[in-house]
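Each reported figure results from applying straightforward, stated rules to the coordinates on display, with no laboratory input. Keep in mind that what you see is a predicted model, and the values were worked out from it rather than measured. Neighbour counts run over all protein chains shown; Cβ positions are idealised from the backbone, glycine included.
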Amino acid sequence: MGFISIQEAMNKGSGKISIRGWVYRERGSNKIKFIVLRDHTNIIQCVIEKAKVGEEKFKEADRLQIEASIEIHGEIKKDDRAPTGYEINVDEFNVVGWCDTFPISKDQSPEFLLDNRHLWLRSRKMAAIMKIRSTVVGAIHRFFRDRGFTEFDPPIFQPTQSEGGATLFKVDYFREEIYLSQTWQLYAEAAIYALGKVYDVSPTFRAEKSKTSRHLTEFWMAEMEAAWMGLKEATEIAKEEIKFIIKEVLEHNKEELEFLKRDIKLLEGYADAEYPTIKYKEALKILKEKYNMDIEWGKDLRTIEEEKLADHFKVPVVVTHYPVEAMAFYKPEDPEDPGTALCFDMIAPEGYCEIVGGSERSTDIEDMKKRLKKMGEDPKNYEWYFDLRKYGSVPHSGYGVGVERLVSWICGLDNIKDAIGFPRTMLRKSP
Ligand code: 4AD
Ligand code: MG
């Protein structure tokens, strides 16, 4: 008889089945042993009786420790007393991988769990998050492909900065200095001349010195870039994308969300809500009037300010028209609102803050050169990028979604480190 998953066995509900997995819990007496078995789909209680399997085999069952891997053949039936409502009466079992005392037990510190991430990944919590993450990334691909976008992959080794030199990771590239990608954007801007609308989900690297619950040094960004597109349209697509992703997670991962104790009603609300768009200067007004916070015009919004805005709106809010001087060199000034840039951030509620950043792209070579120089960059290194403005330039826009930021918010996580299999931060580079 072929092996089926625990969930498939439970769906079957009765009769003889074969399953395999890992010991999740074990207890028993000298006559009967209760093993809760785990696989990637669920857990189930299995009962091994000495009278049935014989003295020798029962000794083996007695030696089983948590996380040993076993194959089980037996009969499944409904049992309301069992943890997941079904129980397997074991006819035969076979130990595949014995297990020493598993290093992880209850109530261990987050640091210990991070040191043992290679083992903690097996926890039902991490498995639930990784399944939701997979749905999120799958939804991103579907969202863009269904709308005529072409997937386009960037180089990860890049010759220049794009989001500021302070967070660049330098690599020794045959004795020359080169950098790990901070964004796919500049290369996507080249691709739109061939492909019109492009998107990608790719690894992104930033030497962030901040030890917050929102920053990783290696994260995945889902970006899009489109020719003939202005700021307004880009923000609307970003809103649609986020709602689409939440709907997909609600459709495919209810059980995981429940396991994580996520408020599903709240998520359903986010999937249907109107997300407001406001200008930076209106944001300052709200912060002043409602929260008595005096923010000097000209600064990017900080976490505390984003938190207050989110608290005010209770749903994701798009903030546009940040002060141009605080923005990346490629974000153009709005001719209709001097001093501000044609750019936006989307801020998630519940303290998750910025999940999306994007803008129209400047087509003014001289302005970009000036701004690069101000940052201490040599415009000569960006000649290829300026070429894109010389040979049939078109208005274009794009944005990037932080995959782990989004997963953290959807799952309601305390820390972004749990939104990725093996997190990397300033203080964490292994396992
Ligand atoms: O706002 P950012 O820096 O935008 C860009 O890089 C643009 N070039 C994107 C584009 O227009 N194509 O980053 C985009 C998003 C942020 O909103 C945030 O969600 C996430 O990437 N992000 C991080 N996530 C985790 N750890 C970090 N250190 C992050 N930095 C940015
Ligand atoms: Mg940003």
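Among Asp115, Asp387, Asp39, Asp294, sorting on how many other beta-carbon atoms sit within 10 Å of each Cβ, with the fewest leading, yields Asp294, Asp387, Asp115, Asp39. Shape descriptor for the chain: Rg over Rh equals 1.07 (Cα atoms; Rh from the Kirkwood inverse mean 1/r). Annotation for region 298-321 versus region 198-215: alpha-carbon center distance of 20 Å.
With a cut-off of 13 Å on the backbone N, no residue of region 198-231 is near the modelled label site 7 Å out from Glu111 along Cα-Cβ. Taking the fewest neighbouring Cβ atoms within 10 Å as the starting point, the ordered list for Lys170, Lys239, Lys285 is Lys170, Lys285, Lys239.
Listed by chain and number, the lysines placed with their C-alpha closer than 27 angstrom to that of Lys170 are Lys209, Lys211, Lys331, Lys369, Lys370, Lys373, Lys374, Lys380, Lys417, Lys429; residues fewer than eight positions away on the same chain are left out.
Highest mobility in the GNM of the chain, judged by mean-square fluctuation with C-alpha springs under 10 Å and restricted to Phe205, Phe102, Phe152, is found for Phe102.
For region 260-384, the spherically averaged projection of the C-alpha convex hull amounts to 10.1 nm².
Size descriptors for region 302-344 (Cα atoms only): Rg and Dmax, in that order, 12.0, 32 Å. When Lys and Arg each count +1 and Asp and Glu each count -1, what net charge do the other residues less than 9 Å away from Gly402, Cβ to Cβ, add up to? Net charge around Gly402: 0.
Distance between the C-alpha centres of region 376-396 and region 57-128: 57 Å, rounded to the whole angstrom. The ranking of Arg20, Arg424, Arg361 by Cβ neighbour count inside 10 Å, starting from the fewest, reads Arg424, Arg20, Arg361.
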